[in-house]
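The values are calculated or read from the model by the stated rules, or taken from the named source; none is laboratory data. Since this is a predicted model, take the numbers as computed values, not measurements. Cβ: placed from backbone, ideal geometry, glycine included. Neighbour counts: every protein chain shown. When the accessible area is computed, the model is the full protein with side chains, heavy atoms only, and any ligands, DNA or RNA have been set aside. Shrake-Rupley method; radii C 1.70, N 1.55, O 1.52, S 1.80 Å.
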Amino acid sequence: MPTISRKGKLMPESPIRKLVPFADKAKKNGTRVIHLNIGQPDIKTPQIALDAVKNNALEILAYGKTEGTYSYREKLAQYYSKHKLPISTEDIIVTTGASEGLSFVVASIADIDDEIIVPEPFYANYNSFAAAFGVKVVPVTSSIETNFELPSLEEFEKVITPKTKAILICNPNNPTGYLYSKEEIKSLSKLVLKHDLFFLVDEVYREFVYDDNEEHYSVLQETGISQHAIMIDSVSKRYSMCGARIGCIVTKNRELIKTVLKLSQARLCPPAYAQIACEAALDTPQSYFDDAVKEYTERRDILIHELQKIKDVTVFSPKGAFYCIAQLPVKDTDHFAQWLLEDFNIDGETVMVAPAQGFYVTKDLGKNQIRIAYVLDKESLKKAVTIIREALKVYTD
């Protein structure tokens, strides 16, 4: 019998999606499932983007430019300039989602058995992208006790080896909601210069910063690291357009752009209709983002307040994105999450959460934690926390 590749066998399951069969079964049995497991915003996509697709005059849906249409990249560059990022169209390659962008960058900067350092917990698909190319993710552990702040530079120094190619962070962070400060970005910038590494930053949640005294600081604002800095971005969360599957790679490193372009040529071009929608979305008024941030701030505050009232639950208020990690008084949240779907409901309703162990590399870390996405209306969030609270009263490991 033919055998599956070693890379295929090492590919981890998604902690976000692996419980879907149990949720589907619960729904078939008549239970309403409140989804806290996935970051699918419920805020409406800007109408201007939807109308651009409905009303376009295309007669042939032809191949486009490999790097994305010039008009879209030009408007992207203008968007970045408003955010103090001196970006030109030549610095941008449009990708089929941030996921493709990350995988293309990993393939471009690292060979088999090379290493990329990532503070854990981290977005689980980083592990998948690395595994697909035979690259090793080396974790530096952050702690819920310190609200997942950046580990000390000494901890990074300990794991840097001749095989280290990059440091990768997500800012604001998925799954923790942590917002890396300007000082932390500057510290990591000095470190990548010292060891001649790439500094890869996933900034897809850059618009979602919640406290008045906080501000997102991009890796591309940092001077002196233009040949080291790589930003990954996406429309998925910013405009509630997850299904568009449009992201981008932004860097001043011309050799990296040339290399990524070769990989992009192998998949021909990003989808045309999605680029039309995304180009139109760039004209979305600032009020859309102001309203979204206000709504997510209120949801965060309600969620955290309610969770902190549950005995023996540890959770801190995130500063960005729309996730938090909660530590529960259970031994194994994989089992707890499945039990919620199979065996527990209140008045025909239950909750689906993402067990947090899948966001760690280090063995056994996160086993008693869950990631919650607060992308639902406030009443649904309150109801979900009530279900979790009552479930913890009767659950046995």
Would you kindly state how much longer the chain becomes between Val159 and Glu298 on full extension, computed as 0.36 nm times their sequence separation minus their alpha carbon distance, in nm to one decimal?
46.1 nm
Which whole-Hz couplings ³J(HN,Hα) result when phi for each residue of segment 97-105 is put into the Karplus expression 6.51 cos²θ - 1.76 cosθ + 1.60, θ = phi - 60°, listed in order with x for Gly and Pro?
x, 4, 4, 5, x, 5, 5, 5, 5
What list of ³J(HN,Hα) couplings, whole Hz, do you get for segment 68-84 from phi and the Karplus terms 6.51, -1.76, 1.60, once you set θ to phi - 60° and write x for glycine and proline?
x, 4, 4, 5, 5, 5, 5, 5, 4, 4, 5, 4, 5, 4, 5, 9, 6
With R₀ set to 41 angstrom, the calculated FRET efficiency between the beta-carbons of Glu214 and Tyr63, to the nearest 0.05, is 0.45
Can you work out the accessible area per residue across the chain, with the rest of the protein chains kept in place, probe 1.4 Å, in square angstrom?
45 Å²
For the Asn29, Thr223 Cβ pair and Förster radius 56 Å, calculated FRET efficiency rounded to 0.05 is 0.45
Calculate the length of the line joining the C-alpha centroid of segment 176-236 to that of segment 261-283, in whole Å.
24 Å
Just grab the label-to-label distance for Ser81 and Ser181, each label 7 Å out from Cα along the Cβ direction, in nm (one decimal).
3.3 nm
Sequence-distant or interchain residues sharing an amide H contact under 5 Å with Thr164, placed H: which?
Glu115
For the chain, with the dipole built from +1 on Lys and Arg beta-carbon atoms and -1 on Asp and Glu ones, taken about the Cα centre, which of Ile230, Phe22, Leu341 lies farthest toward the positive end?
Phe22
For Glu145 and Asp343, what does the FRET efficiency come to when R0 = 25 Å and r is the distance between their Cβ atoms, rounded to the nearest 0.05?
0.20
Mind listing which chymotrypsin sites (Phe, Trp or Tyr not before Pro) in segment 26-115 are in a DSSP loop and have 15 or fewer other Cβ atoms within 10 Å?
Tyr63
Of the peptides 348-361, 220-233, how do they stack up when ordered by the mean number of other Cβ atoms within 10 Å, highest first?
348-361, 220-233
Need one number: nm distance between label points at Lys9 and Ile48, each 7 Å from Cα along Cα→Cβ, rounded to one decimal.
5.2 nm
For segment 1-81, with +1 on Lys and Arg beta carbons and -1 on Asp and Glu, the positive-most of Leu36, Pro12, Asn55 along the dipole:
Pro12
